[in-house]
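Chemist: One structure coming up, written as structure tokens, with questions to follow.
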Amino acid sequence: WKGALFYLRPYHNIDVMTLTDPANSAVVTLSSLQPGDLIRTRGGKHVLLVSRTERDGKGGLLSFSYVHSSQAFGDESGVREGTVTIIDPQLPLEQQEWDEVWKGRRPTLEGWMEHREKNEIFRLNALSEITNSKSQITNNT
């Protein structure tokens, strides 16, 4: 039935690997994280959408919030939100403080660690183009 659904409504069927493919997005660093960025987890089976970033006066990342949705939480499934506090900007993402806890586990951190070599932070090319266009407009005025 998924084949028929894809044929009838292909725009509803985009997967994580397509979103984060080099044709559609680019890898970015934790320090350059901004709202709209994607954090690929579970080896490309799940994605977190960065919804907010908090920075210090020098532009250093202090924390970020993300949203995601999964059916893995039983009766508590649906859209969930979490925050990662940056303890030390020199440390990798997995060593920062992840606050989302469910039944004594940290599912988003576990997802980041699952097939870690396939997980990265991405910025959609379309968002990069918008950001670059805004920068050019600002610089030209």
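The values are calculated or read from the model by the stated rules, or taken from the named source; none is laboratory data. Remember, it's a predicted structure, so these values are computed and weren't measured experimentally. Every residue, glycine among them, receives a Cβ derived from its backbone with ideal geometry; neighbour counts consider all protein chains shown. Remember, those area values only see protein heavy atoms, side chains included, never the ligands or the DNA or RNA. Shrake-Rupley method; radii C 1.70, N 1.55, O 1.52, S 1.80 Å.
Chemist: Output the peptides 56-62, 46-52, 30-36 sorted from most to least packed, where packing is the average of other Cβ atoms within 10 Å over each peptide's residues. Don't jump to the answer; show the numbers that get you there.
Modeler: Numbers: 56-62: 10.0, 46-52: 18.4, 30-36: 15.0.
Highest to lowest by the protection proxy: 46-52, 30-36, 56-62.
Chemist: Residues of segment 35-68 with amide nitrogen under 19 Å from the 7 Å Cα-to-Cβ point of K118?
Modeler: Counting backbone N atoms under 19 Å from the label point, the list is 38-49.
Chemist: Next up: Quick one: accessible area per residue over segment 13-57, 1.4 Å probe, rounded to a whole number of Å²? Show your work: numbers first, answer last.
Modeler: Working: 2280 Å² over 45 residues.
Each residue of segment 13-57 exposes 51 Å² on average to a 1.4 Å probe.
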